[in-house]
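Engineer: Can you keep this structure in mind? I'll have questions shortly.
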Amino acid sequence: MAQTYLPVTITGYNSDLFAETAPNSLSTTSMSTDLTNHVMYTAGFAAGAGIAAGVVNNGTIVSGTRTYQIAPYNEMNAVYVDVGATQSITLFATGTYSKISLMGFSAEGNSSLNIKLNFTDGSTTNYGNHTLSDWFNGANAVYCCFSRCIRTAAAPYNIDGLPSNPRFYPIDISLSCNDQKKNLQTIIIQNMSGTTGFTNAFVLAVSGVSYSQSVFSFANNVTCPGGNNGSINLFVAGTAAPFTYSWNTFPVQTTANATNLSAGTYICKI
């Protein structure tokens, strides 16, 4: 079953990578994304500068069941993680999630990022290393083909990348059953792409599938002492679907409904 990822509001942005007001792509950004002095620009900038393409003006990126929201273009709107550095992303409001997805890209090659999740109960879980692809020609992009330009005070902008680049990619994390019940507070990202070099990683937005779970049961008692015609029906809903079932019956029953039960206590592992 397809699950819907919705934007998660975060703090911790430390760079502005999008030029939004023509003709100056220098003063409207805070840094270059790569060694060749490139930045991204919006469709509004493109219209004002008389150039093609540009990232969608409202910053809303939709890909299938996923929706990401880029921060306002006239503010810091990316989390920049340099080689060997660690950066924190804090959720504006804590919440429980079954899955989260980080949207971003790497420049000057792929990045290897170690990601840890911190929860309000003080616990931390390391969710391992993930590859964030270079913004040109990587696979499984969630958004692409918006061009880039030189970071400069005036034209020429020397746009390039069209028709198929640059690209944004997802890093998907499925939380453990135990972590899904906790309130997520902080995402810790460490760029493990060596101790020196120029492989820059950028996270632009976070999206998530909220955790929800409900279980209801209805029992039919046996009709007479010693009988075995009792049953239990479970009604289970939540974001972890589809579900598997294992009853403490002999033989083990593996559906939501246990039948042919005698009087007693029954446990189902879902």
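Engineer: Once each part is reduced to its C-alpha centroid, what is the distance from region 114-184 to region 45-92 in angstrom?
Structural biologist: 10 Å
Engineer: How about residue 182: which aspartates and glutamates have a C-alpha closer than 14 Å to its C-alpha, ignoring those fewer than 8 places off in the same chain?
Structural biologist: The qualifying aspartates and glutamates are 121.
Engineer: Can you work out the PRE-style zone for residue 125? Point 7 Å along Cα to Cβ, and I want the residues of region 208-233 with backbone N under 19 Å.
Structural biologist: Counting only backbone N, you get 208-214.
Engineer: Straight-line reach from residue 99: which aspartates and glutamates have a Cα under 12 Å away, not including same-chain ones fewer than 8 places off?
Structural biologist: Straight-line reach from residue 99, under 12 Å: 172, 179.
Engineer: Per residue, how large is the accessible surface of region 137-195? Use a 1.4 angstrom probe and give square angstrom.
Structural biologist: Using a 1.4 Å probe on heavy atoms only, each residue of region 137-195 averages 46 Å².
Engineer: Please work out the Kirkwood hydrodynamic radius for region 23-78, using every pair of different C-alpha atoms, and report it in angstroms with one decimal place.
Structural biologist: 12.5 Å
Engineer: Looking only at Cβ-Cβ distances, which cysteines of the chain have no other cysteine closer than 4.7 Å?
Structural biologist: Within the chain, the cysteines lacking a partner Cβ under 4.7 Å are 149, 177, 224, 268.
Engineer: Now, a different point. Sorted by mean Cβ packing within 10 Å, highest first, what order do the peptides 49-57, 118-126 take?
Structural biologist: 49-57, 118-126
Engineer: Probe radius 1.4 Å, ligands and nucleic acids ignored: give me the carbon and sulfur share of the accessible area of region 112-270 as a rounded percent.
Structural biologist: Taking all protein chains in place, region 112-270 shows 53 percent carbon and sulfur surface.
Engineer: FRET efficiency for residue 3 and residue 152, Cβ-Cβ distance as r, R0 = 45 Å, nearest 0.05? Mind showing how you got there, number by number?
Structural biologist: Working: r = 42 Å, r/R0 = 0.94.
According to the calculation, E is roughly 0.60.
Engineer: If you place +1 on the Cβ of every Lys and Arg and -1 on the Cβ of every Asp and Glu, how big does the dipole about the Cα centre of region 102-246 come out, in debye to the nearest 20?
Structural biologist: The calculated dipole for region 102-246 is roughly 140 debye.
Engineer: Now, a different point. When the helices in the chain are scored as -39500 (n - 2.57) per DSSP H run of 4 or longer and the sum is shared across all residues, what 222 nm value do you end up with, to the nearest 500 deg cm²/dmol? Before the final figure, lay out the partial values.
Structural biologist: On the way: 2 runs with 11 residues, N = 270.
About -1000 deg cm²/dmol.
Engineer: Quick one: how many Å² of residue 202 are accessible to a 1.4 Å probe, rounded to 10?
Structural biologist: 0 Å²
The values are calculated or read from the model by the stated rules, or taken from the named source; none is laboratory data. Here the structure is a predicted model, which is why all the values come from computation and not from measurement. Glycine gets a Cβ as well: all are built from the backbone with ideal geometry, and neighbour counts include every protein chain shown. Just the protein is used for accessible areas: all its heavy atoms, side chains included, with ligands, DNA and RNA removed. Shrake-Rupley method; radii C 1.70, N 1.55, O 1.52, S 1.80 Å.
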